[in-house]
Amino acid sequence: MGVHGIVFGDIDVAEHLDWVVKVCNEAGALYMEPLWRLDRGRVLEEFVSAGFEAIVVSARADIFGAEWLGRRVDGAFMGDLLRLRAERDFDICGECGEHHTLVIDGPIFKKRIGIRACEEVLREDLKR
């Protein structure tokens, strides 16, 4: 399909890297893991300061409430993550599936991705 390489955002979960290597090798594609082994706080700060825009599209109900869904990843988000982490143990970058985001704009985008419709679902049946 004309894809020669894929960039992933994993930080340090070995199983994620193993999967990336397996899938890309099978597809004959190159892979990059530019965030590998970087400090999580630094990753978030640089993402926000670089001008990227992302929203939370999935969140574990045992950690986050429904109000986290659709939130923009920005300075306030980072502050709230750190405050919540003082009460609960989780990875602030969501490396273990605590939350997932969708990047919808940034300095390397030709244009912003528009969200036409969405449905909020807070699942409580997920296992760690």
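None of the figures in this text is laboratory data; all of them are computed from the coordinates on show. Just so you know, these numbers come straight off a predicted model, no measurement behind them. Neighbour counts run over all protein chains shown; Cβ positions are idealised from the backbone, glycine included.
Structure data summary
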read-out: Student exercise, segment 39-128 dipole from Lys, Arg, Asp, Glu Cβ charges, in Debye to nearest 20; value: 300
read-out: Computed label-point distance, nm, for sites residue 113 and residue 88 using a 7 Å Cα→Cβ extension; value: 2.4
read-out: Listed residues 58, 113, 70: farthest to the positive end of the dipole of segment 39-128 (Cβ charges); value: 113
read-out: Value of D in µm² per second that Stokes-Einstein yields for the chain, Kirkwood Rh from Cα pairs, at 10 °C (1.306 mPa s); value: 98
read-out: Computed lengthening from residue 67 to residue 4, 0.36 nm per intervening residue step minus Cα-Cα distance; value: 18.8 nm
read-out: Residue 21-residue 104 FRET efficiency (beta carbon distance; Förster radius 25 Å; 0.05 resolution); value: 0.35
read-out: At least 18 Å along the helix axis (C-alpha) and Kyte average at least -1.0, DSSP helices within the chain; value: 14-27
read-out: Separation in nanometres of the label points that stand 7 Å from Cα toward Cβ, at residue 30 and residue 74; value: 3.6
read-out: Distance between segment 2-50 and segment 65-82 - C-alpha centres, whole angstrom; value: 23
read-out: Neighbour cut-off at most 10 other Cβ (10 Å), DSSP loop, GluC sites (Glu not before Pro), segment 84-117; value: 87
read-out: Relative contact order for the chain, counting Cα pairs under 8 Å that sit 6 or more residues apart, in percent; value: 26
